[in-house]
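In what follows, a single structure is set out as structure tokens and then discussed.
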Amino acid sequence: MLNIGGLNRCTTIDYPGELAAVIFCQGCPWHCAYCHNRHLLPEQAGTIISWEEIIRFLGHRRGLLDAVVFSGGEPTMQSSLLEAISAVKGLGFLIGLHTAGIFPEVLEQVLPLTDWVGMDIKAPFKEYERITGISGSGETALMSAELVRQSGVRHRFRTTLDPFLLEDGRIEALQLQVAGEWGSELEIQQMTLLKH
């Protein structure tokens, strides 16, 4: 099943208003300088905990936890994400997804099974490569953001307050797009300032 880089067994902050567990999926193709889960970036770092252990753990937590969040790394990088979400949903949990929108085709498949999505918006879409180091990442992220926005799934767009966003009105442009054009909330996450 999933290549799992970690498990948070109980959190109150990763799914708004619900008590949740977080499954951290291994692997991410982007290289954001401020990534706080850098150990999850390599795709082949090895599974920390098996899928069987996850299912066993969740079976014992039915009625105690409300939700399970798939996070990362980038969960949509995992070919078995749809199957994993279906299995957890079958146990009766709400499904949360943290994504940067890197694989819109996978996101489109799993959105109907999710109950809440937290999507990271890295920068104004035309300037994504400055953050991710990957050409075309802005177009991919915009496609995913539109999928989330139009899905009807409860969601929140989030951004990390990188110094780059504080220059030339970038953060204001992001806020205007998310709140003004999309009618959604943009959550700004503070960070220790880093130099690129």
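The values are calculated or read from the model by the stated rules, or taken from the named source; none is laboratory data. Remember, predicted model here, so these are calculated numbers, not experimental data. All Cβ positions, even for glycine, are placed from backbone atoms using ideal geometry, and neighbour counts span all protein chains on display.
Within region 1-25, count every residue that is at pLDDT below 95, hydrophobic (A, V, I, L, M, F, W, C) and part of a loop (DSSP other than H, G, I, E, B).
Of the residues in that region, 3 qualify.
Any idea which residue in region 26-55 is modelled with the lowest pLDDT, counting only those that are farther than 24 Å from residue 133 by Cβ and of a type outside the set (Gly, Ala, Ser)?
47
Is it the case that region 60-74 has a residue that's within 14 Å of residue 8 (Cβ to Cβ), free of Cβ contacts under 8 Å to residues at least 60 places away in the same chain, more than 16 Å from the chain's Cα centre (by Cα) and not in a loop (DSSP other than H, G, I, E, B)?
Scanning region 60-74, I find at least one residue that is within 14 Å of residue 8 (Cβ to Cβ), free of Cβ contacts under 8 Å to residues at least 60 places away in the same chain, more than 16 Å from the chain's Cα centre (by Cα) and not in a loop (DSSP other than H, G, I, E, B), so the answer is yes.
I'd like to know if region 107-124 contains one or more residues that are among the small types (Gly, Ala, Ser), over 18 Å from residue 178 (Cα atoms) and modelled with pLDDT of 90 or more. Outline the logic, then answer.
At the first step, the residues of region 107-124 found to be among the small types (Gly, Ala, Ser) are 118, 123.
Adding the requirement that they be over 18 Å from residue 178 (Cα atoms) leaves none.
No, there is no match, as no residue in region 107-124 is among the small types (Gly, Ala, Ser), over 18 Å from residue 178 (Cα atoms) and modelled with pLDDT of 90 or more.
Determine, yes or no, whether residue 162 is acidic (Asp, Glu) and within 15 Å of the chain's Cα centre (by Cα).
Numbers: acidic (Asp, Glu): yes; within 15 Å of the chain's Cα centre (by Cα): no.
Answer is no for this residue.
Of the conditions (1) modelled with pLDDT under 95; (2) closer than 20 Å to residue 120 by Cα, residue 69 fails just one. Which one is it?
The single condition residue 69 does not satisfy is (1).
State which residue is surrounded by the fewest Cβ atoms within 10 Å (Cβ to Cβ) when the search covers only region 33-55 and only residues that are touching a strand residue (DSSP E or B) at 6+ places or on another chain (Cβ under 8 Å) and under 27 Å from residue 163 (Cα atoms). Lay out the reasoning, then the answer.
Of region 33-55, the ones touching a strand residue (DSSP E or B) at 6+ places or on another chain (Cβ under 8 Å) are 34, 37, 39-40, 45, 47-51, 54.
In the following step, the residues that additionally are under 27 Å from residue 163 (Cα atoms) were identified as 34, 37, 39-40.
Values: 34: 18, 37: 16, 39: 14, 40: 23.
Checking each candidate, the answer is 39.
If you check every pair at least six apart or on different chains, which have Cβ atoms under 9 Å apart with a residue in region 1-18 that is in contact (Cβ under 8 Å) with a residue 12 or more places away in the chain and among the charged types (D, E, K, R) first and a residue that is surrounded by fewer than 16 Cβ atoms within 10 Å (Cβ to Cβ) and assigned to a loop (DSSP other than H, G, I, E, B) second?
Once the first residue is in contact (Cβ under 8 Å) with a residue 12 or more places away in the chain and among the charged types (D, E, K, R) and sits in region 1-18, its partners that are surrounded by fewer than 16 Cβ atoms within 10 Å (Cβ to Cβ) and assigned to a loop (DSSP other than H, G, I, E, B) give 18/12.
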